[in-house]
Amino acid sequence: MRTAHSPCRPRGGRPSPPRLASVPRAIVLAVVAGAALVACGGGAEATPAVTPGTPDHPRNVIILAKDYTYVPPILDLVPGESVILQVVNGGLALHEVVIGTADVQDAWETAEAATIGAPPGPTPAISVPPGLQGLRVVVASGERVDVAWTVPAVERAASTEWLVGCHIPGHWAQGMVIPIRFIDATGQPLTMSDAPGEP
Ligand SMILES: [Cu+2]
């Protein structure tokens, strides 16, 4: 498997993510690229090596949702590995983790916008078109939900940008989006050129 470093250049503050439904895709991707560059410019820390999870020994991956961001600021995953996502809501508001491509994020942003004005409590039943569900985990304040998940294989992982986002109305606009960085077991980031069949 061929690997390469992502470009790392210092850059200014991370721009606020706009609402997906109202902006062109190119801008959304630019926001994500900006977030990655900020992380790179912060000190060029190497991503630690990981032991990719297997079906028998899944890797625990913790995502902390807060009001209104995630920790860590970039989610590192190895294509094809088995993980237990441990989603912790350390904030006061209801939050969720939606993992998927920009199209998936767009679909949930649109779907959940329809819940604006609903009474407080869990998000009412909503749905998105087939193929755009991604992985969605809704977690109440102070709670933790564990979900077993198989990370997309390298063909899908490297073909486009993947994100973690929260689409409880208003939360994406307040910054609840982080990029997924696909890495190999040594911690080296994969690039789109790692996708088989890509030039
Ligand atoms: Cu949220």
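No value in this document is a laboratory result; all are computed from the given coordinates. Worth saying up front: this structure is predicted, and the values here are computed from it rather than measured. Backbone-built Cβ (ideal geometry, glycine too); neighbour counts: all protein chains shown.
For an R0 of 25 angstrom, estimate the FRET efficiency from the Cβ-Cβ distance between Ile62 and Ala125 and round to the nearest 0.05. Could the numbers behind the result be given before it?
Numbers: r = 28 Å, r/R0 = 1.11.
Rounded to the nearest 0.05, the efficiency is 0.35.
Taking GluC sites (Glu not before Pro) across the stretch 130-169, the ones in a DSSP loop with at most 13 further Cβ atoms lying within 10 angstrom of their Cβ are Glu143. Summarising the label geometry, the points placed 7 Å from Cα in the beta-carbon direction at Thr51 and Ala111 lie 3.6 nm from one another.
Using R0 = 35 Å, the C-beta based FRET efficiency linking Asp146 and Gln174 works out to 0.85.
Assuming R0 = 22 Å, what is the FRET efficiency of Ile84 and Ala153, from their Cβ-Cβ distance, to the nearest 0.05? The partial results should precede the final answer.
On the way: r = 19 Å, r/R0 = 0.84.
That gives a FRET efficiency of 0.75.
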